[in-house]
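Reviewing the structure listed below.
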Amino acid sequence: MEIKHIVILIMLLYIFIFPDKAKAEQITVYYLKDDDVYASMLSQNFEIKNTRNIAKKTFITLDKLFNNVQNINYVPKNTKVLNVEKVGKKLYINISGEILSYGGGSTYEVGLVRQLLYNIFQFDEIETVSIFIENKKSYFPEGTLIYNYKKSDFLELLNN
């Protein structure tokens, strides 16, 4: 048997024995490096089943962010991603009302919003995002509204 046939046989055997590994990909979740909202971001990679569905990747990314206790996380406990929908280059995210339970504070809100947007806009396919809270267009306690928010505006904010 030729070497190339052996290699092909081994690859097929690997895919048969470990089908999930053959179809896995990495997603990245970003956290603030320390409790200064202007600090750099710390990233953590997670392996997920391979998908081209950006809404699903965003859902998983935010779910990992919301449920991580190891890193600095501005998302209040028990916050859930209810659903994510992508229409063209726009992303619509519905989050549970617990996201508002931090009680306010402009510094805290800046950290929370930066953390959310950093994770959402990492995907090239997304140009605009709207976040709904319990299916309603809602303001965060300090007045931030994320509705038709453009990636270009977020990148400009990061560069200032």
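In units of the rule-of-thumb radius 2.2 N^0.38 Å, the stretch 23-160 shows an alpha carbon radius of gyration of 0.98. Just the protein heavy atoms count here, and of the accessible area of the chain at 1.4 Å, carbon and sulfur take up 52 percent. Going by the alpha-carbon gyration tensor, a ≥ b ≥ c the square roots of its eigenvalues, is the stretch 42-103 rounded (a/c under 1.5) or, if a/c is not under 1.5, prolate (a/b greater than b/c) versus oblate? Since a/c reaches 1.5 but b/c is at least a/b, the shape of the stretch 42-103 is classed as oblate.
Calculate, for the chain, the solvent-accessible area per residue in square angstrom, rolling a 1.4 angstrom probe over the heavy atoms of the protein chains.
Numbers: 9780 Å² over 160 residues.
Computed with neighbouring chains in place, this is 61 Å² per residue.
Stretched out straight at 0.36 nm per residue, the stretch from K89 to E142 would grow longer than its current Cα-Cα span by 16.3 nm. Out of all DSSP beta bridges in the stretch 50-130, what portion is antiparallel? Express it as a percent rounded to 5. Once the DSSP bridges in the stretch 50-130 are tallied, antiparallel ones form about 65 percent.
What number in nm² do you get for the stretch 92-139 if you take the convex hull of its Cα atoms and divide its surface by four? Show your work: numbers first, answer last.
Numbers: hull surface 13.8 nm².
If you wrap the Cα atoms of the stretch 92-139 in a convex hull and average its projections, you get 3.5 nm².
Dividing the summed -39500 (n - 2.57) terms of all DSSP H runs of n ≥ 4 by the residue count of the chain sets its mean residue ellipticity at 222 nm at -10500 deg cm²/dmol.
Give the residue from L112, L42, G88 lying farthest towards the positive end of the charge dipole for the chain; charges sit on Cβ (+1 for Lys and Arg, -1 for Asp and Glu) and the dipole is referred to the Cα centre. The residue sitting farthest along the positive end of the dipole is G88.
Would you mind counting up the charge near G97? Only other residues with Cβ under 11 Å from its Cβ, with Lys and Arg at +1 and Asp and Glu at -1. Around G97, the surrounding residues sum to 0.
Relative to the compact-globule scaling 2.2 N^0.38 Å, provide the ratio for the alpha-carbon radius of gyration of the stretch 117-160. Spell out each step's value before the answer.
Values: Rg = 11.1 Å, N = 44, 2.2 N^0.38 = 9.3 Å.
Here the answer is 1.20, to two decimals.
So what is the relative contact order of the stretch 88-160, in percent, for Cα pairs below 8 Å that sit 6 or more residues apart? Reported as a whole number, the value is 41 percent.
Note on N67 and I10: the model spin-label points, each 7 Å out from Cα along the C-beta direction, lie 3.7 nm apart.
The values are calculated or read from the model by the stated rules, or taken from the named source; none is laboratory data. These numbers come from a predicted model, not from an experiment. Positions of Cβ are generated from backbone atoms using ideal geometry, with glycine treated the same way; all protein chains shown enter the neighbour counts. Note: accessible area is taken over every heavy atom of the protein model, side chains too, but ligands, DNA and RNA are not part of it. Shrake-Rupley method; radii C 1.70, N 1.55, O 1.52, S 1.80 Å.
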